[in-house]
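Written below as C-alpha coordinates is the structure these notes are about.
The values are calculated or read from the model by the stated rules, or taken from the named source; none is laboratory data. Keep in mind that this is a model prediction, so the values were computed, not measured. Counting neighbours? That spans all protein chains shown, and the Cβs are built from the backbone with ideal geometry, glycine included. Accessible surface areas use protein heavy atoms only, side chains included; no ligands, DNA or RNA. Shrake-Rupley method; radii C 1.70, N 1.55, O 1.52, S 1.80 Å.
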Amino acid sequence: MKKTLGLAAAFALMFSGQVFAEVSEDIKIGAKIYERAFGRGCGTCHDVSSNPNLLESVKKLSKEEFINVLKNGRNSMPKAVGAIMDVGPVKKAGYTEEQALEAIYNYLKGRSDGSVPAGKL
(Lines give C-alpha, C1' and ligand atoms only; values in the text may rest on other atoms or scores of the structure.)
Protein backbone atom coordinates (compact mmCIF):
# COMPACT_ATOMS: atom_id res chain seq x y z
CA MET A 1 0.00 0.00 0.00
CA LYS A 2 1.47 3.36 -1.03
CA LYS A 3 1.20 6.34 1.27
CA THR A 4 1.18 9.83 -0.16
CA LEU A 5 2.72 12.93 1.31
CA GLY A 6 0.45 15.05 3.47
CA LEU A 7 -0.45 18.50 2.18
CA ALA A 8 1.81 20.27 4.69
CA ALA A 9 4.78 18.05 3.76
CA ALA A 10 4.14 18.61 0.05
CA PHE A 11 4.10 22.40 0.52
CA ALA A 12 7.24 22.27 2.67
CA LEU A 13 9.07 20.34 -0.05
CA MET A 14 7.73 22.61 -2.77
CA PHE A 15 8.87 25.77 -0.99
CA SER A 16 12.21 24.28 0.02
CA GLY A 17 13.15 24.07 -3.66
CA GLN A 18 13.66 20.31 -3.50
CA VAL A 19 11.42 17.87 -5.31
CA PHE A 20 11.40 14.25 -4.20
CA ALA A 21 9.65 11.29 -5.73
CA GLU A 22 7.04 9.61 -3.56
CA VAL A 23 8.87 7.35 -1.15
CA SER A 24 7.89 3.70 -1.53
CA GLU A 25 7.47 1.23 1.33
CA ASP A 26 10.63 -0.51 0.03
CA ILE A 27 12.63 2.69 0.51
CA LYS A 28 11.12 3.21 3.97
CA ILE A 29 12.14 -0.29 5.02
CA GLY A 30 15.61 0.34 3.57
CA ALA A 31 15.83 3.48 5.73
CA LYS A 32 14.80 1.53 8.80
CA ILE A 33 17.44 -1.10 8.07
CA TYR A 34 20.05 1.67 7.79
CA GLU A 35 18.88 3.19 11.09
CA ARG A 36 18.57 -0.06 13.08
CA ALA A 37 20.91 -2.80 11.79
CA PHE A 38 23.40 -3.99 14.40
CA GLY A 39 21.17 -2.37 17.04
CA ARG A 40 22.59 1.09 16.42
CA GLY A 41 22.39 1.58 12.68
CA CYS A 42 24.82 1.33 9.79
CA GLY A 43 25.74 5.00 10.13
CA THR A 44 27.38 4.38 13.49
CA CYS A 45 30.37 3.04 11.59
CA HIS A 46 29.81 4.24 8.03
CA ASP A 47 29.20 7.88 8.85
CA VAL A 48 32.70 8.06 10.37
CA SER A 49 35.31 9.51 8.02
CA SER A 50 37.73 6.61 8.50
CA ASN A 51 35.18 4.10 7.12
CA PRO A 52 33.62 3.84 3.67
CA ASN A 53 30.72 6.24 3.16
CA LEU A 54 27.82 4.12 1.93
CA LEU A 55 26.30 6.93 -0.11
CA GLU A 56 29.55 7.10 -2.07
CA SER A 57 29.93 3.32 -2.19
CA VAL A 58 26.62 2.81 -4.01
CA LYS A 59 27.80 5.24 -6.69
CA LYS A 60 30.82 3.03 -7.41
CA LEU A 61 29.53 -0.50 -6.79
CA SER A 62 26.92 -2.33 -8.82
CA LYS A 63 23.92 -3.61 -6.90
CA GLU A 64 25.36 -7.13 -7.11
CA GLU A 65 28.74 -6.00 -5.73
CA PHE A 66 27.06 -4.07 -2.91
CA ILE A 67 24.86 -7.04 -1.96
CA ASN A 68 27.90 -9.34 -2.08
CA VAL A 69 29.62 -7.13 0.53
CA LEU A 70 26.53 -7.30 2.76
CA LYS A 71 26.44 -11.09 2.44
CA ASN A 72 30.16 -11.82 2.77
CA GLY A 73 31.70 -8.82 4.51
CA ARG A 74 34.81 -7.01 3.33
CA ASN A 75 38.07 -6.09 5.03
CA SER A 76 37.10 -5.49 8.68
CA MET A 77 33.35 -5.23 7.98
CA PRO A 78 31.46 -8.32 9.17
CA LYS A 79 28.71 -10.01 7.21
CA ALA A 80 25.70 -7.72 7.61
CA VAL A 81 22.93 -9.94 6.28
CA GLY A 82 22.09 -11.44 9.69
CA ALA A 83 21.77 -8.02 11.32
CA ILE A 84 19.64 -6.83 8.39
CA MET A 85 17.28 -9.78 8.64
CA ASP A 86 16.89 -9.18 12.41
CA VAL A 87 15.50 -5.66 11.94
CA GLY A 88 11.86 -5.59 13.07
CA PRO A 89 10.42 -3.90 9.96
CA VAL A 90 12.06 -6.54 7.74
CA LYS A 91 10.38 -9.29 9.76
CA LYS A 92 7.06 -7.40 9.87
CA ALA A 93 7.08 -6.94 6.07
CA GLY A 94 7.93 -10.62 5.61
CA TYR A 95 10.84 -9.70 3.36
CA THR A 96 13.10 -12.38 1.97
CA GLU A 97 16.84 -11.86 2.22
CA GLU A 98 16.91 -10.68 -1.39
CA GLN A 99 14.12 -8.15 -0.80
CA ALA A 100 15.75 -6.79 2.36
CA LEU A 101 19.16 -6.38 0.70
CA GLU A 102 17.58 -4.66 -2.29
CA ALA A 103 15.63 -2.35 0.04
CA ILE A 104 18.81 -1.10 1.73
CA TYR A 105 20.51 -0.71 -1.64
CA ASN A 106 17.53 1.20 -3.09
CA TYR A 107 17.38 3.49 -0.07
CA LEU A 108 21.10 4.29 -0.23
CA LYS A 109 21.01 4.69 -4.01
CA GLY A 110 18.11 7.15 -3.71
CA ARG A 111 19.90 9.08 -0.98
CA SER A 112 23.09 9.18 -3.06
CA ASP A 113 21.37 10.57 -6.17
CA GLY A 114 19.16 12.98 -4.21
CA SER A 115 15.81 11.38 -5.06
CA VAL A 116 15.23 10.31 -1.44
CA PRO A 117 15.39 12.91 1.34
CA ALA A 118 17.66 12.50 4.35
CA GLY A 119 16.07 12.03 7.75
CA LYS A 120 13.11 10.05 8.99
CA LEU A 121 10.77 8.77 6.31
Check on Val90, open to solvent by less than 20 Å² (accessible area, probe 1.4 Å) and either modelled with pLDDT of 90 or more or among the β-branched types (Val, Ile, Thr) (or both): yes
Could you check the stretch 40-99 for helices (runs of 4 or more DSSP H) lying wholly inside it with 1 or more residues that are closer than 20 Å to Lys28 by Cα and aromatic (Phe, Trp, Tyr)? 63-72
The stretch 102-121 - residue that is open to solvent by 20 Å² or more (accessible area, probe 1.4 Å) and in a loop (DSSP other than H, G, I, E, B) and, of those, nearest to Ser57 (Cα to Cα): Gly114
Would a scan of the stretch 50-57 turn up a residue that is of a type in the set (A, V, I, L, M, F, W, C) and modelled with pLDDT of 85 or more? yes
Name the pairs: first residue in the stretch 30-57 and among the charged types (D, E, K, R), second residue part of a helix (DSSP H, G or I) and surrounded by fewer than 20 Cβ atoms within 10 Å (Cβ to Cβ), Cβ to Cβ under 7 Å, at least 6 apart or on different chains? Lys32/Pro89
Across the stretch 47-83, what is the total count of residues that are within 20 Å of Ala118 (Cα to Cα) and open to solvent by less than 30 Å² (accessible area, probe 1.4 Å)? 3
Please state which one of Glu22, Glu35 is at pLDDT below 85 and closer than 15 Å to Asn106 by Cα. Glu22
Sole miss for Gly94 among (1) touching a residue at least 24 places away in the same chain (Cβ under 8 Å); (2) at positive phi is condition (1)
